[in-house]
Amino acid sequence: MIHTNEVMSLEQGFDTGYDEPRYTFDGDVVSEELYNEKHDSYYERLEEVDTGSVSITGRDVVNFQRNTVNVGKIGELIDSFESTAVIDEPSNWAQEEVSEAMNLNLVPERLQYGYEDDITRADFSVLVVHLLKEKTGQSIQELLVEHDLTLDVHTFDDTSDYEVLSAHAFGIVKGHGDGTFDPEGAITRQEAASMLTKTADVLDLDTRSHMDNPGFSDQDHIADWATDDVAFVSTMYDRTNGLAIMTGTGNDRFSPLDSYTREQSFMTLKRLFNVESL
């Protein structure tokens, strides 16, 4: 549900010859301020305008199409949002744990959207680095110094992102061997298991001596390099709800090559955060 007091600003794309229109809300009147690049001047107008894609910026990101927006009563505009918007929120089964992850400050606000979408390699790197900071109470720079590590901005040809380079320095993520990281690429469940286990290593959790064989029916499909990591995340438990860091996908399967979503990432990082030190 979108409430009037949650709407902070509106960005609207349409071809008028003007640069980036902006709306501000004053009471129940929507004021449109357009920058006229040609005349280098600002002006306001209240009228009906043709639009393309419209999105609400802020914590809730909602995208929809509309032929016209009545720049007038705020109530009418909000009604149009509610009648056409697709609300972006976690799946029902994930809502409680995703909310807990956010309450623990484990999910940066800029990642709080697209919950059912596949997580990218770059965004998963952001999450694990953020977890390290929240769990230890230290900055990434302090942790790098503590582990005698440095960052190399030339590590990858396709990204110099600070969180990616930090996650790589800690040994949590790797590149593809050809000089690329593929920041927008998706990750598989067995890759997620590996990254979560390596994050636990950085936190000095014992990831090897307390593992049991989870006995998945598709165990033979798990890569050799991921076998121990899958065992760790499947047999280490969140002390707040008793759930393993990663559970199976049904029918005793782990489905190692399936993709991994953003909401699954938020949940499993929260569970790792709550694992007792051994």
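The values are calculated or read from the model by the stated rules, or taken from the named source; none is laboratory data. None of the values given here were measured: they were computed from a predicted structure. Note: ideal-geometry Cβ built from the backbone for every residue, glycine included; neighbour counts use all protein chains shown.
Might you check whether a residue that is surrounded by 17 or more Cβ atoms within 10 Å (Cβ to Cβ) and among the aromatic types (Phe, Trp, Tyr) occurs anywhere in the range 152-164?
Within the range 152-164, one or more residues are surrounded by 17 or more Cβ atoms within 10 Å (Cβ to Cβ) and among the aromatic types (Phe, Trp, Tyr).
Tally up the residues in the range 250-265 that are surrounded by fewer than 20 Cβ atoms within 10 Å (Cβ to Cβ) and in contact (Cβ under 8 Å) with a residue 24 or more places away in the chain, please.
7
In the range 134-152, which residues are in a loop (DSSP other than H, G, I, E, B) and among the acidic types (Asp, Glu)?
Selection gives Asp148, Asp152.
In the range 176-194, which residues are more than 20 Å from the chain's Cα centre (by Cα) and not hydroxyl-bearing (Ser, Thr, Tyr)?
If the condition is that a residue be more than 20 Å from the chain's Cα centre (by Cα) and not hydroxyl-bearing (Ser, Thr, Tyr), then His176, Gly177, Asp178, Gly179 are the ones that fit.
Which of the residues that make up the range 180-216 are at pLDDT below 95 and among the small types (Gly, Ala, Ser)?
Ser209, Gly215 - these are the residues of the range 180-216 that are at pLDDT below 95 and among the small types (Gly, Ala, Ser).
Looking only at residues that are assigned to a loop (DSSP other than H, G, I, E, B) and not charged (D, E, K, R) in the range 162-179, which one is modelled with the lowest pLDDT?
Gly177
Of the residues that sit in the range 180-227 and are in a loop (DSSP other than H, G, I, E, B) and of a type in the set (A, V, I, L, M, F, W, C), which one is surrounded by the most Cβ atoms within 10 Å (Cβ to Cβ)?
Out of the qualifying residues, it is Phe181.
Yes/no matrix, rows are residues, columns are (1) in a helix (DSSP H, G or I); (2) among the aliphatic types (A, V, I, L, M):
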{"position": "Asp229", "(1), (2)": "yes, no"}
{"position": "Phe232", "(1), (2)": "yes, no"}
{"position": "Asn241", "(1), (2)": "no, no"}
{"position": "Gly248", "(1), (2)": "no, no"}
{"position": "Pro256", "(1), (2)": "no, no"}
{"position": "Gln264", "(1), (2)": "yes, no"}
{"position": "Met267", "(1), (2)": "yes, yes"}
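Return the pairs, sorted by first residue and then second, in which the second residue is among the β-branched types (Val, Ile, Thr), the first residue lies in the range 88-102 and is part of a helix (DSSP H, G or I), the beta carbons are less than 6 Å apart, and the residues are 6+ apart or on different chains.
Listed pairs, sorted by first residue: Ala101/Val107.
Is at least one residue of the range 195-210 in the same structural domain as Pro108 (by TED's automatic domain parsing), over 28 Å from Glu163 (Cα atoms) and either in contact with a Gly (Cβ under 7 Å, 6 or more places away or on another chain) or of a type outside the set (Ser, Thr, Tyr) (or both)?
Yes, some residue in the range 195-210 is in the same structural domain as Pro108 (by TED's automatic domain parsing), over 28 Å from Glu163 (Cα atoms) and either in contact with a Gly (Cβ under 7 Å, 6 or more places away or on another chain) or of a type outside the set (Ser, Thr, Tyr) (or both).
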